[in-house]
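As structure tokens, the structure follows; a few thoughts come after it.
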There are 2 protein chains.
Amino acid sequence: MRILPKSIEKMIAEFSRLPGIGSKTASRLTFYLLKVSPVQFGQFVEAVSGLKNNVQQCRQCCNMAEAELCDICKDSKRDKRLICVVEDPLDVMALEQTKSFTGTYHVLGGAISPIDGVGPEQLKIAELVERVNALRKDSSESVEIILATNPSLEGDATAMYIARELKPAQAKITKLARGIPVGGDLEYTDEQTLTDAIKNRKEI
Amino acid sequence: MRILPKSIEKMIAEFSRLPGIGSKTASRLTFYLLKVSPVQFGQFVEAVSGLKNNVQQCRQCCNMAEAELCDICKDSKRDKRLICVVEDPLDVMALEQTKSFTGTYHVLGGAISPIDGVGPEQLKIAELVERVNALRKDSSESVEIILATNPSLEGDATAMYIARELKPAQAKITKLARGIPVGGDLEYTDEQTLTDAIKNRKEI
């Protein structure tokens, strides 16, 4: 005997497959959707079914875009010779929210992780090398590549791999500063971060 | 300038409207959906758009059902003269998982909460009274109503209201036992629960 209609069970099962959503949360979300007004439900259905419409990869930076080039790559005020390499589009969002970066991005689509079967060829690394080479050929002005992969084992391995691949292009390669985060607590900061913070200390 | 395509921003906004989903989680869910295989994405779209198909309210217990009567009300093995009154369908699921209840349910659709504008007339209380009266008229066998609303202010108020409404029907009215939950810690148990546990202590 089924306690719930099939369509409700199906929705709960689908919600449960999303990351960070357990069966309890999936049920709660499903029953919430069953309770909302038809208008709000319609908007949700529309958003889901239209999610992949008009979404393509930016030809230049491989971020999600509505046209061949994303809005950041199209923007003439952005420094095209300063490229921040990130793992995924959410990282672009986080960096854009700081409003302190005026260059462009390159979205790898993940990090090298042999355990998950992700090798360099699954990421947009070849596209990055090609992009940097094209920039170097275009003019003699300097090019800077900021490697902003996550501060994890996979992210660091990816950054090291990219740095090696970009060596022949003779671009300036930098990485984000490591140290104690604002609002952090020295007592609870891990050893590696503290070591980084001491090593890279700055005169005030 | 928009960082993300409109359809992605729309999906993030819709996810953010769901209970317990903040903007970070909404972004994560949206990008997860963008990454899944077309088959899995298709299943998700199908589940969402078909969620309200074939879902109706059981004529008898007001739970979600696929037919006029839900599977529990249809089941001849269930004791129709033992009715467990709950706030919503998730409570039915929780009680069914215990496999220790053999009666039927009555789903109120919430609890009386003047602050949220929910009065008795918005709940399925009239339907419950009618159902109990019909049972009393049908035969002289006893009828038991278990009030299993949540152990909250609203739930208790709802239970008290229903108990008063059912008085003329002369049914046996019970409520779930209050006490310390399994796995709980006396030290962290609130005063009211401990008071209940002492008052309702049982000989062993």
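Among the criteria (1) over 15 Å from the mean Cα position of the chain (by Cα); (2) closer than 20 Å to A:Ala134 by Cα, the one A:Ser100 does not fulfil is (2).
Could you tell me whether the range A:59-76 includes any residue that is outside the structural domain of A:Val143 (by TED's automatic domain parsing), closer than 19 Å to B:Gly42 by Cα and touching a helix residue (DSSP H, G or I) at 6+ places or on another chain (Cβ under 8 Å)? No, the conditions are met nowhere in the range A:59-76. Quick check, is A:Ala197 in the same structural domain as A:Pro114 (by TED's automatic domain parsing), at pLDDT 85 or above, under 23 Å from the mean Cα position of the chain (by Cα) and not basic (Lys, Arg)? So A:Ala197 does not fit the description; no.
How many residues, within the range A:145-194, are polar (S, T, N, Q) and not in a loop (DSSP other than H, G, I, E, B)?
Step one: list which residues in the range A:145-194 are polar (S, T, N, Q), which gives A:149-150, A:152, A:158, A:170, A:174, A:189, A:192-193.
Checking which are not in a loop (DSSP other than H, G, I, E, B) leaves us with A:158, A:174, A:192-193.
Counting residues in the range A:145-194 that are polar (S, T, N, Q) and not in a loop (DSSP other than H, G, I, E, B) gives 4.
Residue count for the range A:147-172 satisfying the condition of being within 14 Å of A:Arg131 (Cα to Cα) and either under 16 Å from the mean Cα position of the chain (by Cα) or aliphatic (A, V, I, L, M) (or both): 4.
Here are B:Ile198, B:Ile204, B:Ile173: which of them is of a type in the set (Val, Ile, Thr) and within 28 Å of B:Arg78 (Cα to Cα)? Walk me through it before giving the result.
Details: B:Ile198 fails: within 28 Å of B:Arg78 (Cα to Cα); B:Ile204 fails: within 28 Å of B:Arg78 (Cα to Cα).
Matching residue, one of B:Ile198, B:Ile204, B:Ile173: B:Ile173.
Scanning the range B:95-105 for residues that are more than 30 Å from A:Glu46 (Cβ to Cβ), among the polar types (S, T, N, Q), in contact with a Leu (Cβ under 9 Å, 6 or more places away or on another chain) and in the same structural domain as B:Glu154 (by TED's automatic domain parsing) turns up at least one hit. Six or more apart or on different chains, Cβ under 8 Å: which pairs go from a residue in the range B:135-163 that's free of Cβ contacts under 8 Å to residues at least 24 places away in the same chain and more than 19 Å from B:Leu82 (Cα to Cα) to one that's assigned to a loop (DSSP other than H, G, I, E, B) and of a type in the set (Ser, Thr, Tyr)? Could you list them? The qualifying pairs are B:Asp156/B:Thr149.
For the range B:13-108, which fully contained helices (runs of 4 or more DSSP H) count at least 3 residues that are free of Cβ contacts under 8 Å to residues at least 60 places away in the same chain, more than 9 Å from chain A (Cβ to nearest Cβ) and under 23 Å from B:Ile125 (Cα atoms)?
Details: elements: B:23-35, B:38-49, B:71-74, B:89-97.
Correct list: B:89-97.
Being in contact with a Ser or Thr (Cβ under 6 Å, 6 or more places away or on another chain) and farther than 29 Å from A:Gly119 by Cβ narrows it down to one residue among A:Ile180, A:Ile204, A:Ile198; which is it? Before the answer, list the steps.
Numbers: A:Ile204 fails: in contact with a Ser or Thr (Cβ under 6 Å, 6 or more places away or on another chain); A:Ile198 fails: in contact with a Ser or Thr (Cβ under 6 Å, 6 or more places away or on another chain).
Just one listed residue meets the conditions, A:Ile180.
The set of residues from the range B:120-162 being over 24 Å from B:Gln57 (Cα atoms) and touching a strand residue (DSSP E or B) at 6+ places or on another chain (Cβ under 7 Å) comprises B:Glu141, B:Ser142.
Among the residues of the range B:149-156, are any more than 24 Å from A:Lys24 (Cβ to Cβ) and out of contact with any helix residue (DSSP H, G or I) (no Cβ under 8 Å at 6 or more places or on another chain)? Give the steps one after another, and end with the answer.
Here is the first cut: in the range B:149-156, the residues more than 24 Å from A:Lys24 (Cβ to Cβ) are none.
Among the residues of the range B:149-156, not one is more than 24 Å from A:Lys24 (Cβ to Cβ) and out of contact with any helix residue (DSSP H, G or I) (no Cβ under 8 Å at 6 or more places or on another chain), which makes the answer no.
Would you say B:Cys84 is crowded, with 20+ Cβ neighbours inside 10 Å, of a type outside the set (Asp, Glu), within 30 Å of A:Glu46 (Cβ to Cβ) and in contact with a strand residue (DSSP E or B) (Cβ under 6 Å, 6 or more places away or on another chain)? Reasoning before the result, please.
Values: crowded, with 20+ Cβ neighbours inside 10 Å: yes; of a type outside the set (Asp, Glu): yes; within 30 Å of A:Glu46 (Cβ to Cβ): no; in contact with a strand residue (DSSP E or B) (Cβ under 6 Å, 6 or more places away or on another chain): yes.
Here the answer is no, as B:Cys84 does not meet what is asked.
The values are calculated or read from the model by the stated rules, or taken from the named source; none is laboratory data. Here the structure is a predicted model, which means the values were calculated and not measured. Positions of Cβ are generated from backbone atoms using ideal geometry, with glycine treated the same way; all protein chains shown enter the neighbour counts.
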